[in-house]
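None of the figures in this text is laboratory data; all of them are computed from the coordinates on show. Quantities reported herein were computed from a predicted structural model and do not represent experimental measurements. Don't worry about glycine lacking a Cβ; one is built from the backbone with ideal geometry, like all the others, and counts go over all protein chains shown.
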Amino acid sequence: MHIVALALALANAFLAGFHGSAAVVATVISSRALSPRVALLSAAALAWLGPLVLGTAVADTISRQLIAPAALSLEVLICGLASAACWVTLTWLIGIPCSASQATIGGLLGASLTVAGFSAIQPVGLIKTLLGLFVSPPLGLLAGLWMMRAMLALFQNATPRVNVLFRRLQLGTTLGLALTVGSNDAQKFMGLIALALFLGGATPNDHIPTWVILASGTAFALGMLSGGYRLIRTLGARIIKVRPVHSLSAQTSSGLVVLVASLIGLPVSSTQVISTAVFGVGSAERLSKVRWQIAREMLTAWALTLPVTAGLAGLSLWLWKGSGL
């Protein structure tokens, strides 16, 4: 069964990359700093490098610190990952940005709670996970707001030619953001793959082999290359009318938030951080500039993700156990 868990972890890494591509490149495409092809290729390449460059602190949080060892099994992993994949696919079909990270964590929590109740949860790992998921979006909003205000103050007397500079700088911010997003998001699935191999008896411990890092990074990068164009439109055009200064501010601020989280081992939703940074950037000029109806749609999807995936995972595991398979 560890092969099934491995396949589902890679599938979720692909889906996370698919959603992540929209968040990383939406604004840079909308500001016309880069073409969609160049933006996606550049982002995928740096996202692949992310886990190799920025360590495995997030993977350690997910695989070792969140769920108690006694509650872990291949069945828990399979049901948790399957429920996450179903929810992420559904939200993509609807065209609403969803947190693949939040869906995966919700699935794992739901399946493990079904097996062992609240004793399945390790407090330290849960606190780190909840901090990463629920504190990082407001930080993204504030970081975007402050960054945009700083840019407006710094370049208040600039001529329209400054947009040339902003467009050139966006290549660097796109690469930096992709590197941090690849590190944080791909790491979650690295840890789960290593855990599946250990639980299936394929490896003597849950140490993360190099090939697992490469496989997870590759699946995530391939997902980014596939590109979620429906979501790119939502993040890059429907929230605010994106100009180069907006894209530069949103990418820089959200990249810093995700980078800090990756270094200290907090699993965050990169999609949420980047989305809220875009809202913050738009709000820095005036609140009416932002289409807040899109925010309500996103908040609805984000609010539903944890309980829905947890419920799906718990139900599927209960049915599995009840069937005697």
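Quick notes on this one:
- Other-chain or far-sequence residues with amide H under 5 Å of I67's (modelled H): Q122
- Ascending count of other beta-carbon atoms within 10 Å, so fewest first, for H19, H207, H2: H207, H2, H19
- Cβ-Cβ distance of V4 and V124, R₀ of 22 Å, FRET efficiency by 1/(1 + (r/R0)^6): the value works out to about 0.15.
- With neighbours defined as other Cβ atoms within 10 Å of a residue's Cβ, the residues T300, T276 order from fewest to most as T300, T276.
- Gaussian network model of the chain, springs between alpha carbon atoms under 10 Å - residue of L175, L266, L165 with greatest fluctuation: L165
- Under conditions of 25 °C and 0.890 mPa s, the stretch 133-230 yields 145 µm² s⁻¹ as its translational diffusion coefficient, taking Rh as the Kirkwood radius over Cα pairs in the Stokes-Einstein equation.
- Stokes-Einstein D in µm²/s, Kirkwood radius over Cα pairs - the stretch 161-211 at 4 °C with 1.567 mPa s viscosity: 96 µm²/s
- Toward the positive end of the charge dipole of the chain, with +1 on the Cβ of Lys and Arg and -1 on the Cβ of Asp and Glu, the farthest Cα among G191, T203, A219 is that of A219.
- Residue-by-residue Karplus 3J(HN,Hα) for the stretch 99-110, coefficients 6.51, -1.76, 1.60, Hz, glycine and proline x: 8, 5, 5, 4, 5, 5, 5, x, x, 5, 5, x
- Alpha-carbon centroid distance for the pair the stretch 161-212 / the stretch 1-70, whole angstrom: 5 Å
- By the rule of a C-alpha distance below 20 Å, with chain neighbours fewer than 8 residues away ignored, the lysines paired with K241 are K289.
- Mean Cβ count within 10 Å, highest first, over the residues of peptides 64-71, 255-262, 208-215: 255-262, 64-71, 208-215
- Three principal axis extents of the stretch 1-110 based on alpha-carbon atoms, in descending order, are 51, 34, 22 Å.
- Whole-number Å³ per residue for the convex hull built on Cα positions in the chain: 109 Å³
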